[in-house]
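The values are calculated or read from the model by the stated rules, or taken from the named source; none is laboratory data. What you see is a predicted model; the values in this text were computed from it and never measured. Reconstructed Cβ throughout: ideal geometry from the backbone, glycine too, with neighbour counts over all protein chains shown. These area figures cover heavy atoms from the full protein model, side chains too; ligands, DNA and RNA do not enter into them. Shrake-Rupley method; radii C 1.70, N 1.55, O 1.52, S 1.80 Å.
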Amino acid sequence: MAVQWLLVCHGLVTLLVVTSFLCGQWPIFQGTFISHIHYFITLGAYDYFQRFVGIVFGSRGTNAIHSVENYCCDRPNPILQSLVVAKEQNVIDFGVSPVKIEQHGSTCSGSARVIYLTIIAATYYMIVQSSFSYLPGYYISGVHRYTSLLAVGVGILLFLLTSFSDPGTVNAENVSEYLSAYPYDNVIYLEKECSTCKIPKPARSKHCSICDRCVARFDHHCGWMVCLQSLKLLLSPKMNNNCIGERNTRYFLAFLLWHFLLCVYGAVAIAFILAGRLKELQVIHILTVYYGIESSFRSLAPQVAQWLLASYNTQVLLVVFLAIVSLLLAGFFGYHANLCLENTTTNETYKWQDYISWQMKISEAKASAAALKASLGDLSNEKKPPESKWKAFFRRSHLEDVEVVKKNIYDKGYFHNFLEVIFPLSTRRRLLQNKTKSGIYEPYAQARLEVEFICNELMRMFIGKNR
């Protein structure tokens, strides 16, 4: 009975932690214990740890923590990347970023562990060792030995594609194309020059301080997409690491979606294997006939769970692990898919938050000034009868009328926004040449050009296959 209650408590705690981490910022959970747990997981625990170190070790301990944080999070992470080895010397650079050795030409990669490849390889190895011996099973065929390997291979291929692909680097040669593709909205994007690259800065672009380059339609700098730095340096020593931008957002979304489906596929496949073992070994029959346990879900579930943990604990842990990771990936993919459908980016989300917050403060200040002026005017007039307390309580505040509207000129509807991610604007030559003088595409002309572009691409692929 103690083991059963332990399993129930473990499942509830896991569900609570995952829900709090993923959904703690939702408006429905504001002020609840779920939002408090979310704050503790994301910020509070680290803040309390900093305070504890400050009390015990003083300012030196706090400065050491800040140095480690800057080393691992705010700059190129050598753990996620690889160790840098000088080309002609056996010297390992443990610095925060690969540094070009002028006297030796360039850098080459060291044999470092890669987190992503380690996780996916170790998980697949555990599945092979623990579960492949039961294929084919009662509910699952032996073909999954090969489909699982194919699915993992596609996932790694998408990872490589996202890591190696150009996110949309803006330079002096192509800056005119990006300036033509993305007009300034004069709200969060103003016409100006990049202080580092010394070229005009197109709207929706950002200079990444880690990659040291301007990226068109910049979304975020992804640390996971620099895990193959060792191969990158061999192919292109000038590329430090990668961002998610205009030209590889499609690959990044495919990477997230495929790995979500991959985790679901693995969890369901192992669950079918365990269900097949239950059927083949007639566990339910033995429990009900020989042990006299009532044939109901409430009575059998704890006994079956205890038997699975005792006999197939590795498979059960793999199912739980894959289910949790699939939830995380589902939330991450849903967030980025929603951004793409609204034709905005993570970087622009923060820009809009800052803009709306600033405009709200300005509007509230104006409303407060108007209310104060009105109250002073009332005092100068004849004395009026006192206002009822209930009327004053339900009276609408001037600050409630304050409203700041977000006007995203890049949002052209779900269909066009989706096409813009799949077929980036900078790759559509005809679309750039047929742009209107006002700087904004005419809706029908844009739709016609997009359809023509897709048809031409499909025709090119079809002709290429038939040659």
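Among the conditions (1) closer than 26 Å to Phe159 by Cα; (2) buried (at least 23 other Cβ atoms within 10 Å of the Cβ); (3) at pLDDT 90 or above, His207 misses just one, which is (2). No other residue among Leu22, Leu83 is within 29 Å of His220 (Cβ to Cβ), at pLDDT below 80 and over 24 Å from the mean Cα position of the chain (by Cα) apart from Leu83. Checking each residue of the stretch 179-188 against the condition of being exposed (fewer than 14 other Cβ atoms within 10 Å of the Cβ), of a type outside the set (S, T, N, Q) and closer than 21 Å to Asn248 by Cα gives no match.
You will find that of Leu278, Leu341, the residue that is in contact (Cβ under 8 Å) with a residue 24 or more places away in the chain, out of contact with any Leu (no Cβ under 7 Å at 6 or more places or on another chain) and open to solvent by less than 40 Å² (accessible area, probe 1.4 Å) is Leu278 and no other. With the condition kept exactly as written, say whether any residue in the stretch 169-178 is closer than 15 Å to His259 by Cα and of a type in the set (Phe, Trp, Tyr). For the stretch 169-178, residues closer than 15 Å to His259 by Cα and of a type in the set (Phe, Trp, Tyr): absent.
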